[in-house]
Amino acid sequence: MNSRLTSPWLTARVQFVLAAIFVVAGVGKILDPPGFAHEIYNYKLLPGVAVNALAIVLPWIEVVAGLALFVGVARRSAARIFGVLLIVFVIALSINLVRGRPVDCGCFGGPKVPKTDVQRLGDMKIAIARDLGMLLLVWQVLAAVKREERERR
Amino acid sequence: MRRDSSWRDAVGIVVVAVVAAAVSNALAGPERKLHWIGSYTSAPAVPAAASPTPSPGASAAAVTPAADAGNAFAPHPNKAWVEISGDDVAALHARGNVLFLDARRSSVYRAGHIEGARSISIWEADADDKVKALFAEGRDQSAPIVVYCSGGDCEDSHHLGEKLYFVGFDNVLVYKDGFPDWEKRGLAVKKGDAP
């Protein structure tokens, strides 16, 4: 792989961006767990009994993994967690897009502005594209960590 | 062979997150707290035919409290709730003795709600306690109760209707178009914590 893509300079910036996005997203949800539970429920993918537990824990996973990546601890683990989360988000959004069921992403918590169904469906496509872009960042971090480990041996 | 410790680290991150989440949830106030096990039912779905409404005499314009005090909104013990129109809701509100419940978040309730409506947000941890307290008031369980949320695809009022049904209220009426419709009609709105 092109070593520029895994250079320490680029990796440090990618880590910062990923960590910042997930910490901001997580804090937004932590401030309003019932609101996030509502968003999860609206996806209609989980049994009702599991909605609250996910709404309580998921934002904290985002924050803790984000902080780990930010300070450079367990970077590969944090990046893998983000990778799994992003894939799950893309699948959840895609399923509802295929269903033609407009949902609010719920990605960053916070107050919701009323939207039309058409706006929601458009936002879902943007969210999928954004998550796929972030998966590239995750891949960059994993590749950089792998390269660093190889060089240390 | 060298063992990959990253999965162990990932488990560590998740464990720290679960502990932090548990502490955060335990310390949260009633508007932010969640029960770990959700009590939401699957997607509410009642056939359109279930709607008891538009009895011609039930429109706001034509009905006086005395005129519709009969069984235009009779109990429906075999259904958790039925949906009613804005005209019917306005007529019931005009009676003055019908309980209205707002299923939206309490912060939204404070920003504006149907005058006289009480707040029971189904997404907040005290919802079940409020429903039980309502039951403990010894109300007539066959009397109409109007529940509403934000209209459109909002299902909060249906969930609240099911909670009420499960404790024994058998005349729950869901205001299908919800608060936006009420506002559009220019009917009485109140702000703040008080009904």
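The values are calculated or read from the model by the stated rules, or taken from the named source; none is laboratory data. All values reported here derive from a predicted model rather than from experimental measurement. For neighbour counting, all protein chains shown are included, and Cβ atoms are generated from backbone atoms with ideal geometry for every residue, glycine included.
Key figures
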| read-out | value |
| --- | --- |
| When residues of the stretch A:1-37 are limited to those that are in a helix (DSSP H, G or I) and free of Cβ contacts under 8 Å to residues at least 24 places away in the same chain, the one nearest to A:ASP131 (Cα to Cα) | A:ARG13 |
| Some residue of the stretch A:12-29 being in contact with a Cys (Cβ under 8 Å, 6 or more places away or on another chain) and of a type outside the set (Asp, Glu) | yes |
| Selection count, the stretch B:132-158, where residues are closer than 18 Å to B:ASP170 by Cβ and surrounded by 20 or more Cβ atoms within 10 Å (Cβ to Cβ) | 6 |
| Candidate set from the stretch A:78-98 (those that are farther than 19 Å from B:VAL11 by Cβ and without any contact (Cβ under 8 Å) to a residue 24 or more places away in the chain); member that is farthest from the other protein chains (Cβ to nearest Cβ) | A:ILE91 |
| Tally of residues being without any contact (Cβ under 8 Å) to a residue 12 or more places away in the chain and of a type in the set (A, V, I, L, M) across the stretch A:119-153 | 3 |
| Any hit, the stretch B:97-108, residues being within 26 Å of B:ARG185 (Cβ to Cβ), of a type outside the set (Ser, Thr, Tyr), within 14 Å of chain A (Cβ to nearest Cβ) and not in a loop (DSSP other than H, G, I, E, B) | yes |
| Enumeration of residues in the stretch B:110-129 that are within 14 Å of chain A (Cβ to nearest Cβ) and surrounded by 19 or more Cβ atoms within 10 Å (Cβ to Cβ) | B:SER119, B:ILE120, B:SER121, B:ILE122, B:TRP123, B:GLU124, B:ALA125, B:ALA127 |
| Condition broken by A:LYS44, with the remaining ones in (1) within 8 Å of chain B (Cβ to nearest Cβ); (2) in a helix (DSSP H, G or I) satisfied | (2) |
| Lone unmet requirement of (1) at pLDDT below 95; (2) under 22 Å from A:PHE36 (Cα atoms) for B:SER157 | (1) |
| Neighbours by Cβ (under 7 Å, 6+ apart or cross-chain): first from the stretch B:7-30, farther than 12 Å from A:ALA68 by Cα and more than 9 Å from chain A (Cβ to nearest Cβ); second outside any helix (DSSP H, G or I) and modelled with pLDDT under 95 | B:PRO30/B:GLU124; B:PRO30/B:ALA125; B:PRO30/B:ASP126 |
| So B:ASP177, is it closer than 16 Å to B:ILE84 by Cβ and over 15 Å from the mean Cα position of the chain (by Cα) | no |
| Test: A:GLY26 is buried (at least 20 other Cβ atoms within 10 Å of the Cβ), touching a Pro at 6+ places or on another chain (Cβ under 7 Å) and within 13 Å of chain B (Cβ to nearest Cβ) | yes |
| Residue in the stretch A:58-77 that is out of contact with any His (no Cβ under 9 Å at 6 or more places or on another chain), among the β-branched types (Val, Ile, Thr) and within 7 Å of chain B (Cβ to nearest Cβ) present | yes |
